[in-house]
Amino acid sequence: MPIFDAPAHLPSLPPLLTVSQLRAVEKHYAEASLMQKAGAAALQFIAPLLPEMPANNSMVILCGPGNNGGDGLVLARLLREQGFSPCVVAPSTDAFPPDAAVALAEFIGSGGVLHETLPESLEPPALVIDALFGIGLSRAPVTPFDDLIRWVNDMRASHHSYVLSLDIPSGLVGDTGVAFTPAVRADATLSFIALKPGLLTLDGPDHCGELHLASLDIPADDLAAHADADAINAHFIETHLPFIMRRRLRNVHKGSFGCLGILGGAAGMSGAPLLAGRAAARLGAGKVRVGFLGDTPSFDPACLELMLHPAQALLRLPHDAWAMGCGLGTSSLASDILTTTLSSDAPLLLDADALTLLGQHPEWTARVAERHAPTVLTPHPAEAARLLQCSTDDIQNDRPKAAREIAQRYQAHTVLKGCGSIIADPDGSWSINTTGNPALAFGGSGDVLAGMIGALLAQGVEVSHALRYAVCLHGAAADALVKEGKGPLGVLSDDIIRAALELVRSAAKVNLSL
């Protein structure tokens, strides 16, 4: 097995805080005037928009019954001090928490007028501030707040009002990314203190618009101390490249970069393992062998470097890592091959049909969990549901929980694919990947990802690093193609592979120049 001098721990990434973790931070900083700082941060954010606005009838601030509404009231008061007269709507102020009640009194004291409903004479505003509900929301908004949310979305869609959500779009669940009906669709979201998981996965990205963060002067170390999760972004590619550094050495050979075995390719599905093999070859694996359960092609004309074998023959050859499942099928032969690979002492990635088989045989769970070598599971939501013996809706209703549960149950490093893929490790740490776009929504995309992960495992990259790097790179490649005008429509596997390679090459140049 190739060995690389990768760091023992990933360098720090932006922390993600759940609602309970955020409550602990807020309690610790209860005397730090966080609401005042949130309002000031919101004013700073919209400051570039203000010169283009008339002083009156151009801004609406919608304030809910909690501290999120208090943030909006602080902003309203600060705007009045700047000479603006925003229309402030707050349907329910009787039960305001203490800090929000203070913000309300200060707003009224500044001469501000509070409306319980939208004024009938209100013209479509240029700017709408959504401060209705924050991270505490746990059920669908009810009247009158649901009507206000629908009005916000109508203003944005029909009148091009710019919508800024404070902390989180109202109607979105902070821990899960589930969007209730209705939920605000914002042009931008200014998240306070730290990023929340729900901003980055499932419905979150479609409701947040551009995502920005205001830490409210809370030190990063304090936030990291409360977090067990982080967010992966495109900068990860340049800053986390331990495997590519080995390419600096000249006294190396193909064995220095590992041999990956790929198993799959039942009848009619030979393309899937070939796509995985092409991705693995481009991502630096020294040798790539592909084993087929169906007829074995003589060669791959798109990648002559791949070595193609019948699956049973491939099992008899030594490999530094295995990737199994691409086009595998669920036949008895596939089951036999899966049980054989579970006994391997090399890192093993299980994808696609291998996961379906694993879900069909819960008695194999202990065998997976007891493997001495690392195991990687890469399910999409339906496959995750099979692994946990539940419904796909159950998975999507709490994606972070589902990914962590799979990682614990199978003692496997897990990637729950989808919008905001969740990466979970058996030790309880987890990440959300923020790269990627709908260009990846095609058959074969998952095979490419499996090959990319397998290539890094074969090269000896530590499994947690390998998963995060490959998932981030896979998404960033799609982002690069869209930025170049080559997607999202019509992107295919070879496009992703080539774009990923270009990103790796660019990152390698940066690292080699350090």
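Counting heavy atoms of the protein chains alone, Y469 has an accessible area of about 10 Å² for a 1.4 Å probe. Mean projected area of the Cα convex hull of the chain, taken over all directions, amounts to 25.4 nm². Here the chain has 52 percent of its accessible surface on carbon and sulfur atoms, given a 1.4 Å probe and all protein chains in place. Judged by the ratio a/c of the largest to the smallest principal axis of the C-alpha gyration tensor, the stretch 185-229 counts as oblate, that ratio being 1.5 or greater while a/b is no larger than b/c. Taking the longest Cα principal axis of the chain as reference, the axis of helix 34-46 is set at about 80 degrees.
The value of relative contact order for the stretch 324-456, using C-alpha pairs under 8 Å at least six residues apart, is 19 percent. What's the local net charge at M269, with K and R +1, D and E -1, over the other residues with C-beta under 14 Å away? Within the 14 Å Cβ shell, the charges total -4. Computed from the C-beta positions of D295 and A224, the FRET efficiency with R₀ = 60 Å rounds to 0.70. The angle between the Cα long axis of helix 493-512 and the longest principal axis of the Cα atoms of the chain comes to about 80 degrees, rounded to the nearest 10. In the assembled protein chains, V163 presents an accessible area of approximately 0 Å² (probe radius 1.4 Å). Where only DSSP H runs of four or more residues are counted, the chain gives -12000 deg cm²/dmol as its mean residue ellipticity at 222 nm, each run worth -39500 (n - 2.57). Count Lys and Arg as plus one, Asp and Glu as minus one, and take only other residues whose Cβ is under 12 Å from that of L306; the net charge is then +2.
Qualifying GluC sites (Glu not before Pro) in the stretch 42-126, where qualification requires a DSSP coil assignment and no more than 12 other C-beta atoms within 10 Å, comprise E116, E120. Dipole orientation for the chain: of the candidates L16, L350, V88, L350 has the Cα lying most toward the positive pole (charges on Cβ; Lys, Arg +1; Asp, Glu -1). Rounded to the nearest 20 debye, the dipole size of the stretch 127-272 about its Cα centre is 1040 debye, using +1 on the Cβ of Lys and Arg and -1 on the Cβ of Asp and Glu. Place a point 7 Å from Cα of E123 in the direction of its Cβ. Which residues in the stretch 52-94 have their backbone N less than 20 Å from it? Flagged as within label range: 52-62, 80, 83-89.
Site pair Q82 and L492 shows an inter-label distance of 5.1 nm when each label is modelled 7 Å from Cα along Cα→Cβ. In the complete set of protein chains, residue-level accessible area for E238 is approximately 90 Å², probe 1.4 angstrom. For the stretch 367-431, GluC sites (Glu not before Pro) meeting the loop criterion (DSSP other than H, G, I, E, B) and having at most 14 other Cβ atoms within 10 Å: E370. Overall shape of the stretch 194-275 was characterised from the C-alpha gyration tensor. The equivalent ellipsoid obtained from it has semi-axes of 38, 24, 11 Å, in decreasing order.
Summing +1 for each Lys or Arg and -1 for each Asp or Glu among the other residues whose beta-carbon sits under 15 angstrom from that of R399 gives -4. Each Lys and Arg Cβ is given +1 and each Asp and Glu Cβ -1; about its Cα centre, the stretch 456-514 then shows a dipole of about 120 debye. Which value, in debye to the nearest 20, gives the size of the charge dipole of the chain about its Cα centre, when Lys and Arg are +1 and Asp and Glu are -1 at the Cβ? Taking the Cα centre of the chain as origin, the dipole is about 1800 debye. The string of couplings for the stretch 147-157 from the Karplus curve (6.51, -1.76, 1.60, θ = phi - 60°) is 5, 5, 5, 4, 4, 4, 5, 5, 4, 5, 6 Hz, one whole number per residue in order, with x for Gly and Pro.
A run of the chain free of exposed loop cleavage sites, with trypsin sites (Lys or Arg not before Pro) counted only in DSSP states other than H, G, I, E and B and at most 10 other beta carbons within 10 Å, reaches its longest extent at 317-514.
When the Cα positions of G268, P297, S33 are compared along the charge dipole of the chain, P297 comes out farthest toward the positive end, with charges on each C-beta of Lys, Arg, Asp and Glu. Within a straight-line Cα-Cα reach of under 15 Å, K486 can be paired with the following aspartates and glutamates, leaving aside sequence neighbours fewer than 8 residues apart in one chain: D494, D495, E502. Normalised per residue, the accessible area of the chain is 41 Å², obtained with a 1.4 Å probe and no contribution from ligands, DNA or RNA.
The values are calculated or read from the model by the stated rules, or taken from the named source; none is laboratory data. Nothing here was measured: the structure is a model prediction, and the numbers come from that model. When we count neighbours, we look across all protein chains shown, and the Cβ atoms used for this are built from the backbone with ideal geometry, even at glycine. Accessible surface is based on the protein model in full, side chains and every heavy atom, while ligands, DNA and RNA are left aside. Shrake-Rupley method; radii C 1.70, N 1.55, O 1.52, S 1.80 Å.
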